[in-house]
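Asker: Next up is a structure, given as structure tokens.
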Amino acid sequence: MAVTTNRPAEAHQSFESLPRRQLIGTLAGLMLALFLASLDQTIVGTALPRIIADLHGFEHYTWVATAYLVASTATAPIVGKLTDLHGRKPYFLGGIVLFLAGSALCGLSQDMTQLSLLRGVQGIGAGVIMANAFTVIGDIFPPAERGKYQGILASVFGLSSVIGPAVGGYLTDSLSWRWVFYVNLPLGAIALAVLIAEFPDIRPHRGHRGIDYLGASTLVASVVPLLLALSWGGTTYSWDSPIIIGLFLFAFAMAVAFVLIERSAPEPILPLDLFRIRAVTIALLAASLTSVAMFGALLFIPLFIQAVTGSSATSSGTMLTPMMVVMVLASTTAGQITARTGRYKPVFLVGLALVTVGTFLLSQLTAESPYSTVLLNLVVVGLGLGLVMPIFTLVVQNAVPYSRLGVATSVTQFFRSIGGTLGAAVFGSVMTNRFAAALAVNLSPEVRAAIPPDQLAAFQNPQALLNPDVDARLRALFAPFGERGPDLLAAFTLAIRQSLASALHGVFLAGAAIVAIAFVAAWFLPEIPLRKRNRAPQDVSPDGAVAARSTTPSELVQPRAE
């Protein structure tokens, strides 16, 4: 049963009156949709080393993830605004269909260029899903109750992460990496069926003055070249090359144009006055910085386990499972704590502290680190991420009027995605550059003397540890040295492992420093009491923040006495 409302905002502020059956069906559909989108991020992570070994191009290691994140990042704020204007359901269903089409085509890819482009198609669909799912929670529950359900959605995200690495590793080892994309199709069909039947047709409560096409265009034109420059800089092109400098300049020019357009647009894609609200600004900053650490762990830990320790894709997926299990439990717990106490800042600070410590511990891993140490460090990261993930959206939704729920929630997803995308791009460059420098130091004089530089250079990348064909070519290269051949090969392989471990040390150390900045910023986060009902438009102050003067004791969740 669909619910359509065109009544004035004063008469109907949310969908809290949904029948119980439809409420349960809507929640189930939201969880399935989020599971669908988030599974594809984590299931692909453990397959990435095998993908680059099959399709070649280590320098594009992060592109499979970056293309997905670029598309979803640029899509989220645009769709969030459109759903405020036109309704949630058509966009949500369309996003799932697009995501499934991209999944099917990704499985058919024949080279890294095709796969990256099609991951962009998937990313557009995922951006629509992410922009809607957490917004709908704000539609059907008031702020005082949202913490529980935001925590549940975050735990569903974590649950997919628990299953994703293990399933991704199993499918990659047993069948093919292509099946990490095909597995989305049956799950997507179930999600579509549930949402078509039960998802309420949430319509806008007010008229609109058109779509901000110029704002949407300049936003995309700013984000995409920025991320391309960060991905290509230091790898495909040097940082001072005309292409990289031109991309940065173009991104900056489009960002300036976007700000100017948004200041005068009647229906801005991203209302700039949201950033006048201190709680919103700090939450968005912390969300973007924390995402850097999350994607650093998910993208580069499988590479560490498979290339540095020599384990299989299945083993790397299994290693990530405890981290994700802890994330699920911590997300649910965080939601319950905030709902019961009405306080979110203590949970926020503890979570960020744990992410900082855990990411620093990852930076201390070496090629000789035991599995138990890797597991413990990942669990610390997972615990911290689980505590903070539900809080970002809760803080933002509680600080803005209901009429801006969609755009404010999607902006939160935008900043989380931009953090993950920037992290993947920058960390990819850090890893590549540090690897080359470390290998130059770690290669023994015997290996340098035995192999001509032009032949040796062809194997000086981590693909030598991942691709069976490259391994066979390496053995053939050292075979003419007779009894010395196996020793020279072992020395060369060890140098690559040590160099990659050193490169990843820099990646995780940078991640820890970035999350530490988020922890410091969180100390300045104001703790706005959680309301027990969605607020009417007349309770909104001129700057777009919820007006404090309209708050009454009966509307708030009062913190328990300490």
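Each value in this text was obtained by applying a stated rule to the coordinates, not by laboratory testing. Keep in mind the model is a prediction, meaning the values are calculated, not measured. Glycine gets a Cβ as well: all are built from the backbone with ideal geometry, and neighbour counts include every protein chain shown.
Asker: Arrange the following residues from fewest to most other Cβ atoms within 10 Å of their Cβ: Trp179, Trp239.
Answerer: Trp239, Trp179
Asker: Hey, with R₀ at 35 Å, roughly what FRET efficiency would Leu249 and Phe524 work out to, going by the Cβ-Cβ distance, to 0.05?
Answerer: It comes to 0.60.
Asker: In what order do Phe492, Phe481 fall by count of nearby beta-carbon atoms within 10 Å, going from fewest to most?
Answerer: Taking fewest neighbouring Cβ atoms as first place, the list is Phe481, Phe492.
Asker: To make sure I understand, if each residue's beta carbon is the centre and we count other beta carbons within 10 Å, what order do Tyr213, Tyr237, Tyr149 fall in, fewest to most?
Answerer: On the way: Tyr213 12, Tyr237 15, Tyr149 22.
The fewest-first ordering by Cβ neighbours comes to Tyr213, Tyr237, Tyr149.
Asker: From the phi angles alone, apply the Karplus equation (6.51, -1.76, 1.60; θ = phi - 60°) to region 276-282 and give each ³J(HN,Hα) in whole Hz, x where the residue is Gly or Pro.
Answerer: 6, 8, 4, 4, 5, 4, 5
Asker: For region 262-267, just list the computed ³J(HN,Hα) in residue order, Karplus coefficients 6.51, -1.76 and 1.60, θ = phi - 60°, integers in Hz, with x standing in for Gly and Pro.
Answerer: 5, 5, 10, 5, x, 10
Asker: Additional query: When a/c is below 1.5 the answer is rounded, else prolate if a/b is larger than b/c, else oblate, so apply that to region 74-134 with a ≥ b ≥ c taken from the square roots of the Cα gyration tensor eigenvalues.
Answerer: Prolate, since a/c reaches 1.5 and a/b exceeds b/c.
Asker: Amide H neighbours of Tyr237 under 5 Å, at least 5 residues apart or on other chains, H built in the peptide plane: list them.
Answerer: HN-HN under 5 Å from Tyr237: empty list.
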